[in-house]
Each structure stands twice: as C-alpha cells, then as structure tokens.
Amino acid sequence: MAKIRLAADEPRIVPWLGHRTVQPDEVVTVPDDDFDAYVCQDIWQAVESPKSKAAPKRAAKEGD
C-alpha cells in the first residue's frame, strides 16, 4: 500500500476510496496499483511510494 496527501485547499470526496471525504493535508493509504492515478493529479502528493515488486525468478534452464 502507498500513502498520498491531499494538497487541495478544500475537502474532496474520493469515489475510489468508497466515496470517502478526504480533508486538506490528510494522508490516506491507497492500493499500489492506484498510486500513479492519484499522483498524476496536482491535488495529490506522494508521501510513501509503492513498494517495488521483486522481479519473478526465472526457472533455470537445462545447461545453465
């Protein structure tokens, strides 16, 4: 999960958070997959970026 902060001057109703009202300067937790959709907007600031997903390990091939 990632954390973002509302940088707007007034509260916002956020449909992706179950129509929750988020207050100015409030930090909320969002799913990692939704993080970019928020921070591409000027009213949201990143507080804690999503944790990077480790690349899946490749199975060893015969002869490796």
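Throughout, read-outs are computed from the coordinates displayed, never taken from laboratory work. Bear in mind that the values here come from a model prediction, so they are computed numbers and not experimental data.
A few points about this structure:
- Close amide H pairs (under 5 Å, H built 1.01 Å from N) link Ala2 with Val30, Asp32, residues at least 5 positions away or on another chain.
- Note, ³J(HN,Hα) from phi for region 29-44, Karplus 6.51, -1.76, 1.60, rounded to Hz, x at Gly and Pro: 9, 10, x, 3, 5, 9, 3, 4, 5, 7, 6, 6, 9, 4, 7, 10
- Maximal additional length on extending the Val27-Ala46 stretch stands at 5.9 nm, based on 0.36 nm per residue less the C-alpha distance.
- Amide H partners (placed H, <5 Å) of Ala8, local residues excluded: Asp25
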